[in-house]
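Trainee: Below is a structure I'd like to ask you about.
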Amino acid sequence: MIRVDLPRFGRFQAWRDAARQLAGNRVAPDQVAWGDAGLFGTGPVPPPGPHPVTASKEFLALARTVASHSDPERWALLYAALIRLQQDRGFIANPADPLADRLARMAKSVRRDIHKMHAFVRFHELPSEGPRRSFAAWFEPEHPILEAGTPFFARRFGDMDWLIATPEGIARFDGRLSFEPPAPRPNLPTDASHDLWRIYFANIFNPARIKTQAMRSEMPVKYWKNLPETGLIAQMLADAPRRVQAMRDAGATDAPAFAARVTARIRHAPDDRPPDSLDAARQQASRCTRCALCHAATQTVWGEGDPDAPLMILGEAPGDHEDLQGRPFVGPAGQLLRQTMAGAGLDPARAWLTNAVKHFKFTPRGKRRIHQNPATGEIRHCTWWLDLERRFVQPRLTVALGATAAFALTGDRAPLTPRRGTVETTLDGGPVLITWHPSLILRLDPGPAARARAQFAADLTQAARMMAA
């Protein structure tokens, strides 16, 4: 039996050094006694052995966290896991493995304890003769987390001296973080900042949302004795019914007139059943809540035109005009599109005009709504509706206006410039001619705009030739 005694502080590094040497000699876990449990230990740690020892970053991170658990078996468990890793590197990621599951639950408990430490340490200001203010706090964690939990305070309160005393030891910061053995609980003076904690707690307390069980879960009772604000809890709970009744008496009883129109969309549950017609798909899309865009847009902008059209024109997303009218391509960009189509010999009434995304995305700026490009996730959510449109219309050719339309049809995020004027294959197997979006042409300076307009006209003329072939 080999006994390994670990120091009070710096324990994880000490365990890591010893474990590497033991594993290098392939010493079995049951031949090692760790920490204070080594009543049967007799032999020293052997020198580095001949066997290579490897451990993943994920395991080392897990081991560093588990090292702060109060379970006296934690070192033995970690060493057993290290030995297993040499033959089975994947077991630690298997939640069904008993050892991996136990270590994961221990790490979770430690992380929760560190979170509570960060949330519930309350400093008391001490007299100070130097230029830096001085503070002290007493905290009683569930696990020995002093080394793991206090670097947070060093980063946050680096401009003052402080100490945190716990039953495990003392963390002291004077520009450098150090640790000392435990000492009796200090007598801490009353701190003026504790009144601020009470004021803050009283102001965030909502008497209409009292959940005492959840409150005790998030703020365990064992911490209350060191929290200045918890002295208010009993009085606030007793006064809650009166405050709730006062809130009811002061609340509005009638919804404003526009509320029904605004909430109409969310009162109807989304319908994702496969529709049997293009009109049924349009009706379903009018209640779409697949992404957050539906909450700000006025309405769903569905495609329009000839449902039997051999040509589909696909834009990016509705703009401000389209959002208000509920129709695609009715703004300035749509007017340029329709004029260019007519010039190229394409009748807009004989095409199906639609967008890759069906809701207007914008950022409010004063009274204006500034158009925003849809995100990848929003495009993919709307693919459901685009696929339905394409299945019912079944175009022979699709013209993609801009990068968003090209991505929705091909799944390719490549730059648009080298692809413009070329024909690619859509994800459902049809041809797609890629060109500029007319809104881009409207934003360019006169010179580049003239060149882009000519290329746009040439591309639509190419589409007309393909349709006639």
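Trainee: Can you name the residue in the range 343-366 that is part of a loop (DSSP other than H, G, I, E, B) and under 21 Å from THR300 (Cβ atoms) and, of all such residues, is most open to solvent (accessible area, probe 1.4 Å)? Spell out how you get there, then give the answer.
Mentor: Residues of the range 343-366 that are part of a loop (DSSP other than H, G, I, E, B), as a first pass: 344-347, 356-361, 366.
Filter once more, keeping what is under 21 Å from THR300 (Cβ atoms): 356-361.
Values: ALA356: 1, VAL357: 2, LYS358: 2, HIS359: 8, PHE360: 3, LYS361: 46 Å².
Within the range 343-366, the match that is most open to solvent (accessible area, probe 1.4 Å) is LYS361.
Trainee: For the range 140-170, which residues satisfy the criterion of being within 17 Å of PRO184 (Cβ to Cβ), touching a residue at least 40 places away in the same chain (Cβ under 8 Å) and among the β-branched types (Val, Ile, Thr)?
Mentor: Scanning the range 140-170 gives a single hit, ILE164.
Trainee: Across the range 167-179, which residue is nearest to THR230 (Cα to Cα) among those that are open to solvent by 50 Å² or more (accessible area, probe 1.4 Å) and not hydrophobic (A, V, I, L, M, F, W, C)? If you could, list the steps in order and put the result at the bottom.
Mentor: Initial filter on the range 167-179 (open to solvent by 50 Å² or more (accessible area, probe 1.4 Å)): 167, 172, 174-176, 179.
Applying the additional criterion that residues be not hydrophobic (A, V, I, L, M, F, W, C) yields 167, 172, 174-176.
Numbers: PRO167: 22, ARG172: 27, ASP174: 30, GLY175: 32, ARG176: 32 Å.
Restricting to residues being open to solvent by 50 Å² or more (accessible area, probe 1.4 Å) and not hydrophobic (A, V, I, L, M, F, W, C), the top hit is PRO167.
Trainee: Provide a single number: the residues in the range 130-176 that are within 32 Å of the chain's Cα centre (by Cα) and outside any loop (DSSP other than H, G, I, E, B).
Mentor: Residues that pass the stated criteria total 10.
Trainee: Working only within the range 180-199, note down all residues that are open to solvent by 60 Å² or more (accessible area, probe 1.4 Å) and either touching a Cys at 6+ places or on another chain (Cβ under 7 Å) or outside any loop (DSSP other than H, G, I, E, B) (or both). Lay out the reasoning, then the answer.
Mentor: Residues of the range 180-199 open to solvent by 60 Å² or more (accessible area, probe 1.4 Å): 181, 184-185, 187, 190, 192, 195-199.
Result: ASP195, LEU196, TRP197, ARG198, ILE199.
Trainee: Oh, and also: So which residues in the range 110-123 are outside any helix (DSSP H, G or I) and surrounded by 20 or more Cβ atoms within 10 Å (Cβ to Cβ), if there are any at all?
Mentor: Within the range 110-123, the subset outside any helix (DSSP H, G or I) is 121-123.
If the condition is that a residue be outside any helix (DSSP H, G or I) and surrounded by 20 or more Cβ atoms within 10 Å (Cβ to Cβ), then VAL121, PHE123 are the ones that fit.
Trainee: Would you please name the residue that is most open to solvent (accessible area, probe 1.4 Å), looking only at residues in the range 322-342 that are under 34 Å from the mean Cα position of the chain (by Cα) and within 15 Å of ALA405 (Cβ to Cβ)?
Mentor: Going through the qualifying residues, I end up with GLU322.
Trainee: Has the range 22-39 got at least one residue that is under 22 Å from PRO141 (Cα atoms), at pLDDT 95 or above and open to solvent by 50 Å² or more (accessible area, probe 1.4 Å)?
Mentor: There is no residue in the range 22-39 that is under 22 Å from PRO141 (Cα atoms), at pLDDT 95 or above and open to solvent by 50 Å² or more (accessible area, probe 1.4 Å).
Trainee: Among the numbered conditions (1) open to solvent by less than 30 Å² (accessible area, probe 1.4 Å); (2) modelled with pLDDT of 95 or more; (3) closer than 20 Å to LEU177 by Cβ, tell me where PHE135 comes up short.
Mentor: (2)
Trainee: Next question, about the same structure. Name the single residue that is modelled with the highest pLDDT among those in the range 250-289 being part of a helix (DSSP H, G or I) and loosely packed, with under 10 Cβ neighbours inside 10 Å.
Mentor: In the first step, residues of the range 250-289 are kept if they are part of a helix (DSSP H, G or I); the result is 250, 259-262, 264-267, 278-285.
Narrowing further to those that are loosely packed, with under 10 Cβ neighbours inside 10 Å: 250, 261, 267.
Details: ALA250: 78, ARG261: 62, ARG267: 61.
It comes out as ALA250.
Trainee: Further, regarding this structure: Which residues, counting only those in the range 401-430, are free of Cβ contacts under 8 Å to residues at least 24 places away in the same chain and on the phi > 0 side of the Ramachandran plot?
Mentor: Once the filter is applied, which keeps residues that are free of Cβ contacts under 8 Å to residues at least 24 places away in the same chain and on the phi > 0 side of the Ramachandran plot, the range 401-430 yields GLY411, GLY429.
Trainee: Something else: Restricting attention to helices (runs of 4 or more DSSP H) lying wholly within the range 1-109, give those where 2 or more residues are over 35 Å from the mean Cα position of the chain (by Cα), touching a residue at least 12 places away in the same chain (Cβ under 8 Å) and under 30 Å from PRO182 (Cα atoms). Quick ask: steps written out before the conclusion?
Mentor: Working: elements: 11-24, 57-66, 74-85.
In the range 1-109, 11-24 are the helices (runs of 4 or more DSSP H) which contain 2 or more residues that are over 35 Å from the mean Cα position of the chain (by Cα), touching a residue at least 12 places away in the same chain (Cβ under 8 Å) and under 30 Å from PRO182 (Cα atoms).
Trainee: Kindly evaluate LEU126 against the criterion of being in contact with a Pro (Cβ under 9 Å, 6 or more places away or on another chain), touching a residue at least 12 places away in the same chain (Cβ under 8 Å) and either open to solvent by 30 Å² or more (accessible area, probe 1.4 Å) or polar (S, T, N, Q) (or both). First the steps, then the outcome.
Mentor: Details: in contact with a Pro (Cβ under 9 Å, 6 or more places away or on another chain): yes; touching a residue at least 12 places away in the same chain (Cβ under 8 Å): yes; either open to solvent by 30 Å² or more (accessible area, probe 1.4 Å) or polar (S, T, N, Q) (or both): yes.
Against the criterion (in contact with a Pro (Cβ under 9 Å, 6 or more places away or on another chain), touching a residue at least 12 places away in the same chain (Cβ under 8 Å) and either open to solvent by 30 Å² or more (accessible area, probe 1.4 Å) or polar (S, T, N, Q) (or both)), LEU126 qualifies.
The values are calculated or read from the model by the stated rules, or taken from the named source; none is laboratory data. Keep in mind that what you see is a predicted model, and the values were worked out from it rather than measured. Cβ atoms come from the backbone with ideal geometry, glycine included; neighbour counts cover every protein chain shown. Side chains are part of the model used for accessible areas, which takes the heavy atoms of the whole protein and leaves out ligands, DNA and RNA. Shrake-Rupley method; radii C 1.70, N 1.55, O 1.52, S 1.80 Å.
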